[in-house]
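Have a look at the structure below before the remarks.
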Amino acid sequence: MKIGIIGAGNIGANVAYGLICSEFSDKISQIALVDIVENLAIGKALDLSHASAVFEKDIKVIGGSDYAILSGYDIVVITAGQTRKAGQSREDLLKINAKIVAEISAKIANIAPNSVIILVTNPLDFMVYTAYKSSGFPKNRIIGMAGELDSARLKCEISNLKNEKISHIKASVVGFHNDKMEILKDEIFIDNKKVEFSGKEFDEISQNTKNCGPKIVNLLGTSAFLAPASGIVKIIKQIITEEDKTLICSVIDESEVPCGRFVKLGKFGVKEIVKFNYSQNFTQNFAYFKEKIKNIEIKTQNKETK
Ligand code: TXD
């Protein structure tokens, strides 16, 4: 597998590092970092190739600003874009990052026409839509990472509240990657036993989960990046290994509204959007998305390659 990463910043470089350290790294022959700041991509690629050598892995790591290095790649991760500053919402990044992601997706469609595109740039669900429209790829080959991050953050809150091991907890966050994210209260289990919360407890874990992002921005002055990078590595693992596992990813169904849904992944991207009885609130939020995305001009590529 050849994996491209657009944006050699905090998330991009840590995705590459996570892949090199992963238990499935033997399935990866090449990683390419592309960044508008060419020396950043070249320098981090060189450093990462040395990290690969430290672990005696046979992964070639290259870097540059020319998209030609991604020719024929299997997976391309888009992390490029502005990050939030303290006080900024994810939606504040919409216009500027939509322009960046649209340009990048069109380039990927030309240079790696059979690739699966994984988005992480915020506002995530809008970037999934932007990449879908501007690449002209079929829906199944556009995947957004946020649900795995938000669900992991929820598990940490439950673990702290109930003093339980993370590995014993099942918890899911679906919907949009913003304050409309939906914590599935009836889908929280510890050791396969449903967990009951008082109203106060559930409000606490919900608010804390939703506030993790802004809290880290306030502490670091930039967005979180290690956990988001881990979420992308987890998605790539599913694509490569095709394990029969359900993840939560921002994907597009017949509603044409991308948001966090239960999915099964394989080498061509989304293998199945798992049927689930989402709440009324979940679908009512689609109107908010359609209202917001109207303001974004996205040149649509018509070639829907199979
Ligand atoms: O869960 C999630 N989806 C979110 C995503 C979690 C945390 C961070 N989230 C978003 O990911 C964040 O708001 C940003 O929009 C992206 C990337 O975050 P990162 O922390 O990696 O940002 P950096 O370190 O600024 O890296 C961005 C890189 C930087 O090196 C720029 O030079 C490059 O992107 N960049 C570009 N490369 C190529 N082409 C273009 N046009 C470009 N513009 C910027």
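Key figures for this structure:
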quantity	calculated
Hits in the stretch 4-34 - residues which are open to solvent by 20 Å² or more (accessible area, probe 1.4 Å), within 9 Å of the ligand (Cβ to nearest atom) and assigned to a loop (DSSP other than H, G, I, E, B)	GLY9
Condition check for LYS271: open to solvent by 40 Å² or more (accessible area, probe 1.4 Å), in contact (Cβ under 8 Å) with a residue 60 or more places away in the chain and not hydroxyl-bearing (Ser, Thr, Tyr)	yes
Filter result for GLY136 (near the ligand (Cβ under 9 Å from one of its atoms) and touching an Asp or Glu at 6+ places or on another chain (Cβ under 7 Å))	no
Selection from the stretch 78-98 of residues that are modelled with pLDDT of 90 or more, farther than 16 Å from HIS177 by Cβ and touching a helix residue (DSSP H, G or I) at 6+ places or on another chain (Cβ under 9 Å)	ALA80
Boolean, ILE108 is β-branched (Val, Ile, Thr), in contact with a strand residue (DSSP E or B) (Cβ under 9 Å, 6 or more places away or on another chain) and part of a helix (DSSP H, G or I)	yes
Near pairs, Cβ below 8 angstrom, 6+ apart or cross-chain, from the stretch 109-124 (under 17 Å from ILE248 (Cα atoms)) to any residue that is aromatic (Phe, Trp, Tyr)	VAL116/PHE268; ILE117/PHE137
Residue that is farthest from THR130 (Cα to Cα), among those in the stretch 282-300 that are at pLDDT below 90 and among the basic types (Lys, Arg)	LYS294
Number of the condition not met by THR222 [criteria: (1) within 16 Å of the ligand (Cβ to nearest atom); (2) β-branched (Val, Ile, Thr); (3) assigned to a helix (DSSP H, G or I)]	(3)
Lone qualifier among LYS99, LYS85 - being open to solvent by 20 Å² or more (accessible area, probe 1.4 Å), within 11 Å of the ligand (Cβ to nearest atom), part of a loop (DSSP other than H, G, I, E, B) and farther than 20 Å from VAL15 by Cβ	LYS85
Residues satisfying the stated conditions in the stretch 102-114, i.e. of a type outside the set (A, V, I, L, M) and surrounded by 24 or more Cβ atoms within 10 Å (Cβ to Cβ)	SER105
Pairs where the first residue, in the stretch 189-201, is at positive phi and the second is open to solvent by less than 50 Å² (accessible area, probe 1.4 Å), C-beta under 9 Å, 6+ apart	ASP191/ILE169
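The values are calculated or read from the model by the stated rules, or taken from the named source; none is laboratory data. Everything quoted here is computed from the prediction, not taken from an experiment. As a convention, Cβ positions derive from the backbone with ideal geometry for all residues, glycine included, and neighbour counts pool all protein chains shown. To get the accessible areas, we keep the full protein, side chains included, count just its heavy atoms, and leave off ligands, DNA and RNA. Shrake-Rupley method; radii C 1.70, N 1.55, O 1.52, S 1.80 Å.
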